[in-house]
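Down below is the structure, laid out as structure tokens.
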Amino acid sequence: MDVLLEMLRQAGSAAVQLLLSPFYYISVILIMLQYMRQTRLERKLFHVRLHAWPGQLGRTMLAGLIVGVLLSCIGLFLGITITGEAVL
């Protein structure tokens, strides 16, 4: 039971650190701008909006979250550790 609580505490701490990171917001803004540009190009070329950018942004963020969690779980079970210096 203590291990489960510790894992939940670590997950909560990681979520808070993600929300405090300015690089996260910068990347979301860049993705949003790219999807807005794509929507304008679709309207120009086809005279209709094929995809709405908020839906695409949501799907991209959800897919990134799922892949990140899966890769983290795989790394956890394989015993792979990455230090802060290796990331930098």
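The values are calculated or read from the model by the stated rules, or taken from the named source; none is laboratory data. On a predicted model such as this, the values are computed, not experimentally measured, just so you know. Neighbour counts are summed over all protein chains in view; Cβ atoms, including those assigned to glycine, are modelled from backbone coordinates with ideal geometry. Please note that ligands, DNA and RNA were not included when accessible areas were found on the heavy atoms of the full protein model with its side chains. Shrake-Rupley method; radii C 1.70, N 1.55, O 1.52, S 1.80 Å.
Can you list which of the trypsin sites (Lys or Arg not before Pro) found in segment 1-75 are DSSP loop residues with at most 14 other C-beta atoms within 10 Å?
Listed in order of number, the matching sites are 49.
Taking 25 Å as R0, compute the FRET efficiency from the Cβ-Cβ separation of residue 87 and residue 34 and round it to 0.05.
0.55
Within the chain, what whole-number % of the accessible surface is contributed by carbon and sulfur, with the 1.4 Å probe and all protein chains included in the calculation?
Values: 5580 of 7640 Å².
Whole-percent figure for carbon plus sulfur exposure: 73.
For P(r) over Cα pairs in 10 Å bins from 0, in percent, the listed values are (i) 17, 43, 26, 11, 3, 0; (ii) 15, 39, 25, 15, 6, 0; (iii) 14, 32, 29, 16, 8, 1; which was obtained by calculation from the structure presented?
So the calculated entry is the one marked (iii).
Go ahead and run the numbers for FRET between residue 60 and residue 11, Cβ-Cβ distance against an R0 of 22 Å, rounding to 0.05.
0.50
Pick from 55, 12, 68 the residue whose mean-square fluctuation is largest in a GNM of the chain, springs joining Cα atoms under 10 Å.
12
Taking the chain as a Gaussian network, where each spring joins two C-alpha atoms under 10 Å apart, which residue of 14, 63, 52 fluctuates the most?
Among 14, 63, 52, the largest GNM mean-square fluctuation belongs to 14.
Rank 29, 66, 74 by mean-square fluctuation in a GNM of the chain with C-alpha springs under 10 angstrom and give only the top-ranked residue.
Residue with maximal mean-square fluctuation among 29, 66, 74: 74.
Would you mind getting the accessible area per residue of segment 1-74, heavy atoms of the protein chains only, 1.4 Å probe, in Å²?
On the way: 6170 Å² over 74 residues.
So segment 1-74 comes to 83 Å² accessible per residue, rounded to a whole number.
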